[in-house]
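To start, the structure under review is shown below, and the notes come after it.
FYI, it's all coordinate maths here, none of it is from the lab. Given the structure is predicted, the values throughout are model-derived calculations rather than measurements. Using ideal geometry, Cβ is built from the backbone for each residue, glycine included, and neighbour counts are taken over all protein chains shown.
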Ligand code: ACO
């Protein structure tokens, strides 16, 4: 059977596909949750500029804002413990990538009994949010060959997460207020960001009247990729590999020569510096001043300056600026997180946005069902 090409052939032998350009510029929903001004470099979270809200609100206050509810801290505190089946799953998958483990564990929480239109949906959302730090921390301990200590009595989610992650969670040491504040600033900063890939995924799933757990499970899969939430680990690797500012230019040029991308730079929507990078940079400076990370911070800012120069020279037709992931890497490292915990930590923050978008989609949206253009063989040609 011979296939007849119905359109031009590319050099790789495949029929040329018309580009839909990654839906760039396509409006997929209206939302009251966040506004991304790509030309002005501004992010608004429910009427607040990210730089005014993120550094001062607690993560629980942010959840209250997004889910339009109250008493979140006390309502979540009792739901941190994982069901035994989820803990067993994490232990059995101790060697899994932490994002895969988080996806599996979240999927295992599905009860299958809750209708997405139930008035109980906020309660379900808080139960899920409360468990995310325990999932990430438990998997971390299992992967290190330890038993998981389980949730702490810390009053807030950020402090509980840091407490659980510490190598001896049973020792009962509370994280410093500076580290807790820095993590809250991070979680708030990444909580929502317009129609990003993982949020779109969550909205598509919930638009079929599926359930919240399924929507969040799908969104985790979308977040994992290096073009979305998987960039901060490689961004930090790059800074460590450069090791010394004078090596930055040759290292970065060689990377671009090999056709590689510089992680932590460029953005689909921002044509100027990502405003979240400034919020996280300020938080990283604050933390660096109080500890041993000043040297790394200085190196990273030198690497950033050189990367922006090199990108401007090599891609003059594009404005490629620093995105949120570059300073995510620095800040989470300064807080004391391992590299493989960066994307799961991003997921904890972004889950608030996913859930709020799901609720918005259920209340105002319609089944999301775009169309495609057929570029295959003409009818009958495959039989010839
Ligand atoms: N380094 C080098 N070149 C880049 C980079 C980069 N970081 N980003 C884009 N480019 C180049 C591409 O190679 C391409 O060049 P070409 O036209 O000569 O082929 C051009 O810019 C356009 O690239 P696209 O992928 O079409 O641009 P898009 O807007 O879709 O990309 C993205 C956005 C995926 C974030 C991109 O900038 C990138 O890959 N950055 C590195 C990964 C990263 O930092 N991801 C985190 C993003 S933030 C977040 O999701 C939370």
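The smallest convex shape that holds all Cα atoms of segment 335-384, its convex hull, gives 163 Å³ per residue.
Normalised Debye scattering of segment 154-267 at q = 0.13, 0.17, 0.21 Å⁻¹ gives log10 I(q)/I(0) of -0.79, -1.04, -1.11, counting only Cα atoms as equal scatterers and leaving out solvent.
Translational diffusion of segment 269-325, estimated by Stokes-Einstein from the Kirkwood radius over alpha carbon pairs at 25 °C in a medium of 0.890 mPa s, is 198 µm² per second.
This ranking places 79, 193 by how few other beta-carbon atoms lie within 10 Å of each, fewest first, which gives 79, 193.
Applying Stokes-Einstein at 37 °C and 0.692 mPa s to the Kirkwood radius of the chain, computed over alpha-carbon pairs, gives a translational diffusion coefficient of 148 µm² s⁻¹.
The ellipsoid that matches the Cα gyration tensor of segment 226-384 has semi-axes, each √(5λ) in whole angstrom, of 35, 24, 14, with the longest given first. Dividing the mean sequence gap of close Cα pairs (under 8 Å, 6+ apart) by how many residues the chain holds gives a relative contact order of 25 percent. Across segment 228-290, the volume of the C-alpha convex hull divided among the residues equals 122 Å³ per residue. Residue ranges 151-163, 367-379 sort as 151-163, 367-379 when ordered by packing (mean number of other C-beta atoms within 10 Å per residue, highest first). The C-alpha atoms of segment 293-353 occupy a region whose extents along the principal axes are 36, 31, 15 Å, arranged from largest to smallest. Calculate how many DSSP beta bridges within the chain are antiparallel, expressed in % of all such bridges and rounded to the nearest 5. The antiparallel fraction comes to roughly 90 percent. Here segment 185-241 has an Rg and Dmax of 13.6, 47 Å, counting Cα atoms alone.
Just checking the listed ones, 355, 242, 205: in the Gaussian network model of the chain with Cα springs under 10 Å, the one fluctuating most is 242. The convex hull drawn around the Cα atoms of segment 62-153, when projected onto a plane and averaged over every direction, covers 6.5 nm².
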